[in-house]
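Asks: Quick one: the structure is below, and I'll ask about it shortly.
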Amino acid sequence: MNKPIVIGMIGLGTVGSGVMRLIARNAEQFLHKVGAPLVIKHVAVQSKEKERDLEVAPQVLTDNVEDILNDPEIDIVVEVMGGIEQAKQYVTKALQNKKHVITANKDLIALHGAELAQLANEYECDLFYEASVGGGIPIIRSLTHGLASDEINRVVGIVNGTTNYILTKMSQNHEDFGDVLQDAKAKGFAESDPSSDIDGLDAARKMAILSGLAFSTNIDLSDVHVKGIRHVSLEDIKYIQNLGYTLKLLGIGDRKHQKIEISVEPTLLPNSHPLASVHNEFNAVYLYGEAVGETMFYGPGAGSLPTATAVVSDVLEAAKNLRLGTTGRSYITPQYGKDLKSNAEMDRKYFFRILVKDKPGALAQITSIFAKHGISLERILQQPKSKSVAEVVLITYRSSYENYEEVFNEFEQLDVIDSILSSYRVEGEE
Ligand code: HSE
């Protein structure tokens, strides 16, 4: 039999436990696929004594990560501890010690991926991170391998399960944001501090990774325009449903003439769009390639075994590369420098809900500001709210983001506007 491929894993939480279970469950299949057995020699944990619902041989557990990073027998390091700075230190050291690294850590890759990829290049190591986006959905390999022959110009994703669960329940049960959030926490879909999910940061990190790969450039987190779902109201959802749309927290990466824009924001999709029927905690990524046209990838975005499938598939690829002597050659170095669209180059269509003082000419003043900035209106409806105030809901045609900024500025000065209750992007109708 060929020499085993020896693995050291850092972390044994939800994902790490799934990795151990999957490697044990499918050991024979992996032997066949790789031509050598996979052996987990050490797992670094904070406390060896902690009770776990997984049986691990005592000699496998270590509370000293150096047992993994400095062990010359270990070929592949799996980082599933999470966090940023310490994980970065460990991954760096593993690569410097010529170990191939598999990580599920989107925060680490979104913030330091370019630097780590360069280090992997220098030390001729594999660095794979399929599990960092979309849990069990093989979206990274689809971009780097399956669609490598195409030119991808649009990536649209529901890449955060917590917010998709919340928006789904608000839409289906007509419950308030706060109530659904409590329920999501109780069911374990939302973290006890869910801010990075509901404020869009988790999705922004994933979109930075996906867009960087799709457009073959390095994307920084600060390049992503982010707006979360904290302020989405049940009233918004009801209007949106009545107009035939579904509200989703969408990540959108778009490239036109080599210019890029990336955003994460609550967005209206027509009910007929395939992403509109991605419900609950599920994730999906829709890609547009110039040759292939539209493709969509759907599945569980988190969870122990689903995420472990992505981690272990990365391990298998690194293991096969080791056997073939091709490690360190299969990741993608960016082809292009980064060129972001200006506000004048971004085009948008918007849904607005505006509280207006109910007096003669109020609506005319609002519509004339849109007209002045070249924005045409597609739909408009007005609903009296009280004796003196009415609610105006409207959907625009596409125009530049620069024009919308001017409209927003003028609205702030406009006496007949009581408040802008909400404004969301509308997509998916091209
Ligand atoms: N917190 C993430 C989500 C799961 O809600 O999708 C892991 O990326």
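Rule-based calculations on the coordinates, nothing more; no lab input. Only a predicted model underlies this, so the values are computations on that prediction, with no experimental measurement involved. So basically every Cβ, Gly included, is an ideal-geometry build from the backbone, and we count neighbours across all protein chains shown.
Asks: Arranged from highest to lowest average of other beta-carbon atoms within 10 Å per residue, in what order do the peptides 137-145, 356-364, 41-49 appear?
Replies: Answer by packing, highest mean first, reads 137-145, 41-49, 356-364.
Asks: In region 248-313, which GluC sites (Glu not before Pro) fall in coil by DSSP and have 13 or fewer other Cβ atoms within 10 Å?
Replies: Those satisfying the criteria are 290.
Asks: Also, I was wondering about something else. For Cα pairs less than 8 Å apart in space and 6+ apart in sequence, what is the mean separation divided by the residue count of region 230-386, i.e. the relative contact order in percent?
Replies: 14
Asks: Moving to a separate point now. Each residue of region 287-303 in turn: what ³J(HN,Hα) in whole Hz from Karplus with 6.51, -1.76, 1.60 and θ = phi - 60°, glycine and Pro shown as x?
Replies: 10, 10, x, 4, 8, 7, x, 8, 9, 9, 10, 10, x, x, x, 7, x
Asks: Taking residue 341 as the anchor, which lysines have their alpha carbon closer than 16 Å to its alpha carbon, excluding any fewer than eight residues away along the same chain?
Replies: 256, 259
Asks: Enumerate the lysines that residue 359 could reach by cross-link, defined here as Cα to Cα under 24 Å, with residues fewer than 8 away along the same chain left out.
Replies: Correct list for residue 359: 372, 385, 387.
Asks: If you count, for each residue, the other Cβ atoms within 10 Å and average over each peptide, how do 375-383, 312-320 line up from highest to lowest?
Replies: Result, highest mean Cβ count within 10 Å first: 312-320, 375-383.
Asks: For region 364-430 and region 166-224, what is the separation of their C-alpha centers, rounded to whole Å?
Replies: Centre-to-centre distance over Cα atoms comes out at 27 Å.
Asks: By how many degrees, 0 to 90 and rounded to 10, does the Cα axis of helix 362-372 deviate from the longest principal axis of the chain?
Replies: 60
Asks: Once phi is turned into θ = phi - 60°, what whole-Hz ³J(HN,Hα) does the Karplus curve with 6.51, -1.76 and 1.60 give for every residue of region 177-184, x standing for Gly and Pro?
Replies: With coefficients 6.51, -1.76 and 1.60, one gets 3, x, 5, 5, 4, 4, 5, 5 Hz.
Asks: I've got another one for you. What GluC sites (Glu not before Pro) does region 149-247 have in DSSP loop regions with at most 16 other beta carbons within 10 Å?
Replies: Details: sites: 151, 175, 191, 235; in loops: 151, 175, 191.
Answer by residue number: 151, 191.
Asks: Apply the Karplus curve 6.51 cos²θ - 1.76 cosθ + 1.60, θ = phi - 60°, to the phi angles in region 234-246 and return the couplings in whole Hz, x for Gly and Pro.
Replies: 4, 4, 4, 4, 5, 4, 4, 5, 4, 7, x, 10, 10
Asks: Taking the chain as a Gaussian network, Cα atoms linked when under 10 Å apart, which of 63, 254, 202 shows the biggest mean-square fluctuation?
Replies: 63
Asks: Now for a separate question. Which distance in Å, rounded to a whole number, links the C-alpha centroids of region 258-322 and region 77-114?
Replies: First find each Cα centre; the distance between them is then 22 Å.
Asks: Find the relative contact order for the chain and round it to a whole percent, using C-alpha pairs within less than 8 Å whose residues are 6+ positions apart.
Replies: Across the chain, relative contact order equals 17 percent.
Asks: Tell me which of 306, 382, 371 sits at the most positive position along the dipole axis of region 283-417, charges placed on C-beta atoms (Lys, Arg +1; Asp, Glu -1).
Replies: 306
Asks: Averaging sequence separations of C-alpha pairs under 8 Å and six or more residues apart, then dividing by the length of region 63-190, give the relative contact order as a whole percent.
Replies: 16
Asks: Select from region 192-274 those trypsin sites (Lys or Arg not before Pro) which occupy a DSSP coil region and have at most 16 other Cβ atoms within 10 Å, ordered by residue number.
Replies: Answer in residue order: 230.
Asks: 5 Å is the cut-off here: which amide hydrogens, built 1.01 Å from N in the peptide plane, fall below it relative to residue 350, excluding neighbours closer than 5 in sequence?
Replies: Hits under the 5 Å cutoff: 396, 426.
Asks: Now a separate question. For residue 341, what is the net charge nearby, where nearby means another residue's Cβ is under 12 Å from its Cβ and Lys, Arg count +1, Asp, Glu -1? Walk me through the numbers before you get to the answer.
Replies: Details: positive: 255, 256, 259, 338, 348; negative: 223, 254, 261, 339, 345, 347, 402.
Taking every Cβ under 12 Å from that of residue 341, the sum is -2.
Asks: For the chain, what does -39500 (n - 2.57) per DSSP helix run (n ≥ 4), summed and divided by total residues, give at 222 nm, in deg cm²/dmol to the nearest 500?
Replies: The helix contribution divided over the chain gives -10500 deg cm²/dmol.
Asks: Mind pulling the angle between the C-alpha long axis of helix 106-122 and the longest principal axis of the chain? Nearest 10 degrees, somewhere in 0 to 90.
Replies: 50
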